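First up is the structure itself, then whatever we jot down about it.
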Amino acid sequence: MRKNRVALVGCAAAATAALSACTGEPTPTMRTFDTPQALGEAGKVAAEAKGWVTVDLDLASNGKGSCGLRTDDFAASCRISTADAEEVAYVMVPEGIFVRIPEGRAPQPDKPWLKLDPDDPDNALGQAMAGVAVHIRDTADIRKALPEGAEIVAKAEEEVSGRKTVRYTAHVTVDGRASVLTLWVDDHDLPVKTEVSTPVEGGNAVNVVANYRDWGAPVDIAPPTPEQIGQLPSLSG
């Protein structure tokens with residue numbers, strides 16, 4: 001019986017080695033997940049245990065920025081800037097979504113903050129600005145990066161900035177377009193980096209990158225006071 005067990009172990013090892021040779025990548029020794037749902041749920045549990053995270057964002061042609069997030073409800077404080085515009089600040093809390101207009105551009109100079117309503121059918125401007133804010137926040141949530149229909153197609157161990165991670169490659173859909181998500185996860189199931197590559201007809205693919213840091217370090221997420229909030233101009237459409 002012992003010889004049989006040894007033979008079975010040897011066969012299993014040989015099969016694993018053969019599979020790795022066929023895929024061209026070594027089999028990860030760290031814990032891995034086979035489905036997007038399992039990966040997303042593990043990330044959610046790990047993130048909520050930490051409580052806080054800061055995410056640095058490269059939004060390609062839409063600019064760069066940084067978001068501090070509270071992971072139990074994904075309240076966020078973000079600063080986003082583009083090459084041809086000044087920095088814009090967003091705060092997203094259960095009470096609402098707020099944007100701080102750059103100095104000198106607010107409709108009311110002494111009230112630089114505006115409250116946005118993504119569900120207001122009478123204000124297309126507010127809807128659009130709120131949509132931008134929510135998109136930025138969702139970029140930092142790996143569960144949103146792995147929507148219904150996502151498929152993990154490859155995984156391998158890889159170091160990122162000296163940290164040991166498992167690199168997942170998944171096929172996802174972004175705004176109706178087939179895209180590729182690359183996600184690096186550490187040995188505590190916490191995301192280290194994500195990159196989404198979306199093809200653009202007649203041009204180069206758009207790559208959106210998020211780098212996660214300072215897990216567990218509290219972030220100041222303070223919505224404006226009522227006295228700081230101005231009236232959002234109406235723009236129907």
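Listing for the model above:
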item	result
Breaking point among (1) open to solvent by less than 70 Å² (accessible area, probe 1.4 Å); (2) in contact with a Gly (Cβ under 8 Å, 6 or more places away or on another chain); (3) within 21 Å of H135 (Cβ to Cβ), for V206	(2)
Those residues of the range 186-220 which are among the aliphatic types (A, V, I, L, M), in contact (Cβ under 8 Å) with a residue 40 or more places away in the chain and in a strand (DSSP E or B), in sequence order	V196, V206, V208, V209, A210
Which numbered condition G43 misses (of (1) in contact with a Pro (Cβ under 7 Å, 6 or more places away or on another chain); (2) in a helix (DSSP H, G or I); (3) free of Cβ contacts under 8 Å to residues at least 24 places away in the same chain)	(3)
Tabulated pairs, the range 119-141, first surrounded by fewer than 16 Cβ atoms within 10 Å (Cβ to Cβ), second at pLDDT 75 or above, C-beta under 6 angstrom, 6+ apart or interchain	D138/K144
Residue count for the range 165-185, restricted to those that are among the aliphatic types (A, V, I, L, M) and surrounded by fewer than 18 Cβ atoms within 10 Å (Cβ to Cβ)	3
Conditions (1) in contact with a helix residue (DSSP H, G or I) (Cβ under 7 Å, 6 or more places away or on another chain); (2) open to solvent by less than 50 Å² (accessible area, probe 1.4 Å): number failed by H188	(2)
Elements of type strands (runs of 3 or more DSSP E) in the range 64-163, at least 2 residues being of a type in the set (A, V, I, L, M), at pLDDT below 85 and farther than 19 Å from P224 by Cβ	none
Of residues in the range 35-80 being of a type in the set (A, V, I, L, M, F, W, C) and at positive phi, the one farthest from the chain's Cα centre (by Cα)	A60
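The values are calculated or read from the model by the stated rules, or taken from the named source; none is laboratory data. Given the structure is predicted, the values throughout are model-derived calculations rather than measurements. No Cβ is skipped: glycine too gets one built from the backbone with ideal geometry, and neighbour counts run over all protein chains shown. Only protein heavy atoms, including side chains, enter the accessible area calculation; ligands, DNA and RNA are left aside. Shrake-Rupley method; radii C 1.70, N 1.55, O 1.52, S 1.80 Å.
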